[in-house]
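Below is one structure; the comments refer to it alone.
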Amino acid sequence: MIRVLATIELAEGRRDEFLAEFAKIVPLVLEEEGCLEYGPMVDIPTSIGAQAVVRENVATVVEKWESIDALEAHLVAPHMIEYRKKVKEMVTGTELRILKPA
């Protein structure tokens, strides 16, 4: 089992629009073989001192997959290719963290 943290940086003021488009693919991804969890998250302000600065133009996708193979198949799924075309102008950067249990 692996986890993925995908940090998606967005053009200023486009996060809500991005999340609306992203919501359309979540059910499709959850049906993919090997997908155990998949959903967007956004930063929230707290009074916890160790928390990093809240990022208003970032969405973080939290994912859980059975294997690297399942993740790799997800990345080339037809609905993901179409989704990337739709959000291309909203996204300014993406970073993946692919993790395994320690």
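For residue 102 and residue 88 in the same chain, what is the full-extension length gain: residue separation times 0.36 nm, less their Cα-Cα distance, in nm?
Details: separation 14, 0.36 × 14 = 5.04 nm, distance 3.44 nm.
Once the chain is fully extended between residue 102 and residue 88, it gains 1.6 nm.
Can you put 10, 99 in order of accessible area, largest first, using a 1.4 Å probe?
So, going from the largest accessible area down, we get 99, 10.
Full extension from residue 53 to residue 72: what is 0.36 nm times the residue separation minus their Cα-Cα distance, to one decimal in nm? Intermediate values should be presented prior to the final figure.
Working: separation 19, 0.36 × 19 = 6.84 nm, distance 3.13 nm.
Value of the extension gain: 3.7 nm.
Taking each residue as 0.36 nm, the span from residue 37 to residue 19 lengthens on full extension beyond its C-alpha to C-alpha distance by 4.8 nm. For the range 73-86, 3J(HN,Hα) computed residue by residue from phi via the Karplus equation (6.51, -1.76, 1.60; θ = phi - 60°) reads 5, 4, 5, 10, 4, x, 5, 6, 5, 5, 4, 4, 5, 5 Hz, glycine and proline entered as x. Summing Lys and Arg as +1 and Asp and Glu as -1 over all other residues whose Cβ lies under 15 Å from the Cβ of residue 63 gives a net charge of -4.
At 1.4 Å probe size, with the rest of the protein present, what percent of the exposed accessible area of the chain is carbon and sulfur atoms?
Working: 3780 of 6650 Å².
Within the chain, the accessible surface is 57 percent carbon and sulfur.
With q set to 0.18, 0.19, 0.24 Å⁻¹, the log10 of I(q)/I(0) for the chain, from the Debye formula over equal scatterers at the Cα positions, is -0.90, -0.99, -1.38.
If we count every other residue with Cβ under 9 angstrom of residue 73's Cβ, Lys/Arg +1 and Asp/Glu -1, where does the sum land?
So the surrounding residues net to -4.
The values are calculated or read from the model by the stated rules, or taken from the named source; none is laboratory data. Not measured: the values here are computed from a predicted model. Using ideal geometry, Cβ is built from the backbone for each residue, glycine included, and neighbour counts are taken over all protein chains shown. For the accessible areas, the whole protein counts, side chains as well, though only heavy atoms, and no ligand, DNA or RNA atoms are used. Shrake-Rupley method; radii C 1.70, N 1.55, O 1.52, S 1.80 Å.
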